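Written out below as structure tokens is the structure these notes cover.
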């Protein structure tokens, strides 16, 4: 059901936000195709090996990427220049999808910090299957 809920969420947005978040959703799934699409904190998210590792949301004047961890951004200092961040959200323009390389790094850092007992499909804790 969550795949349909995410589709409904994205389809309910204005065309520019919809296009940008459709691109982000496709990017995330291209990086971790085995991820389960779900809803977390009432927003679209992606679960891998039992842990939510990515998510997104749309707001009036920006879009947000959520790593579902308060420690991911501090590990990517220089890579987030030009983006506004809080402890758990990276804000980006409604008409500019996040670069795939940045999404790959965000997901890799999040996967690396997830407990290893459940991680079984990744060759390296810092590199998602691409």
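Out of curiosity, is residue 20 part of a helix (DSSP H, G or I), surrounded by 15 or more Cβ atoms within 10 Å (Cβ to Cβ) and in contact with a helix residue (DSSP H, G or I) (Cβ under 6 Å, 6 or more places away or on another chain)? Outline the logic, then answer.
Working: part of a helix (DSSP H, G or I): yes; surrounded by 15 or more Cβ atoms within 10 Å (Cβ to Cβ): yes; in contact with a helix residue (DSSP H, G or I) (Cβ under 6 Å, 6 or more places away or on another chain): no.
Spelling it out, it is not the case that residue 20 is part of a helix (DSSP H, G or I), surrounded by 15 or more Cβ atoms within 10 Å (Cβ to Cβ) and in contact with a helix residue (DSSP H, G or I) (Cβ under 6 Å, 6 or more places away or on another chain).
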Practice item. Answer with yes or no whether residue 55 is closer than 17 Å to residue 105 by Cα and over 14 Å from the mean Cα position of the chain (by Cα). Key: no
Practice item. Please determine, by comparing only the residues of the range 114-130 that are touching a strand residue (DSSP E or B) at 6+ places or on another chain (Cβ under 9 Å) and modelled with pLDDT of 50 or more, which one is nearest to residue 64 (Cα to Cα). Key: 114
Check your understanding: Which one is surrounded by the most Cβ atoms within 10 Å (Cβ to Cβ), of the residues in the range 63-82 that are without any contact (Cβ under 8 Å) to a residue 40 or more places away in the chain and under 15 Å from the mean Cα position of the chain (by Cα)?
Key -> 66
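The values are calculated or read from the model by the stated rules, or taken from the named source; none is laboratory data. Just so we're clear, the structure is a prediction, and the values are computed from it rather than from any experiment. Cβ coordinates were reconstructed from backbone atoms using ideal geometry, including for glycine residues, and neighbour counts include every protein chain displayed.
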